[in-house]
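**Student:** Next up is a structure, given as structure tokens.
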Amino acid sequence: MDFVCVCNHCGKTIEREFHYCPWCGKENAEPSDNSVLENVFAQLESKQADDRSSRVKKIESKIEEIERGLDGFFGK
């Protein structure tokens, strides 16, 4: 797949011939070293951690809601 690369800014896959990323609009330059890729993967890991945290908070909220309903049902 030599015709695709990863945007240096947002980390999304784009066609290598694109001069600008269609997702974030930033100019796309070929990475000259691994530090650019490390930055992209660090951003990806951060977004994944934020997503996991958000999901956990939603689950905790639902559990609290269920517990309140059970407390009301059992008259506590």
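**Student:** Ala42 to Phe74: FRET efficiency via 1/(1 + (r/R0)^6), r the Cβ-Cβ distance, R0 35 Å, to the nearest 0.05?
**Tutor:** Approximately 0.15, to the nearest 0.05.
**Student:** May I ask which residue of His19, Ser54, Phe3 lies farthest towards the positive end of the charge dipole of the chain, with charges of +1 (Lys, Arg) and -1 (Asp, Glu) on Cβ and the Cα centre as origin?
**Tutor:** Ser54
**Student:** Mind listing the phi-derived Karplus ³J(HN,Hα) values for region 45-50, rounded to whole Hz, using 6.51, -1.76 and 1.60 with θ = phi - 60°, and x for any glycine or proline?
**Tutor:** 4, 5, 5, 5, 5, 4
**Student:** Accessible area per residue for the chain in Å², computed with a 1.4 Å probe and the full protein assembly in place, what is it?
**Tutor:** Numbers: 6480 Å² over 76 residues.
That works out to 85 Å² per residue.
**Student:** What does the highest-first list of 11-17, 57-63 look like by mean Cβ count within 10 Å? Write out the running numbers ahead of the final one.
**Tutor:** Numbers: 11-17: 12.9, 57-63: 10.0.
Top of the packing list down: 11-17, 57-63.
**Student:** If you roll a 1.4 Å probe over the chain with all protein chains in place, what percent of the accessible area is carbon or sulfur?
**Tutor:** Looking at the chain in its full context, I get 55 percent from C and S.
**Student:** Treat each spin label as a single point 7 Å out from the Cα along the C-beta direction, and report the Arg16 to Val4 distance in nm.
**Tutor:** Simple spin-label model gives 1.4 nm for this pair.
The values are calculated or read from the model by the stated rules, or taken from the named source; none is laboratory data. All figures in this text were calculated on a predicted structure; none of them were measured in a lab. Neighbour counts run over all protein chains shown; Cβ positions are idealised from the backbone, glycine included. Heavy atoms of the whole protein, side chains included, go into the accessibility calculation; ligands, DNA and RNA do not. Shrake-Rupley method; radii C 1.70, N 1.55, O 1.52, S 1.80 Å.
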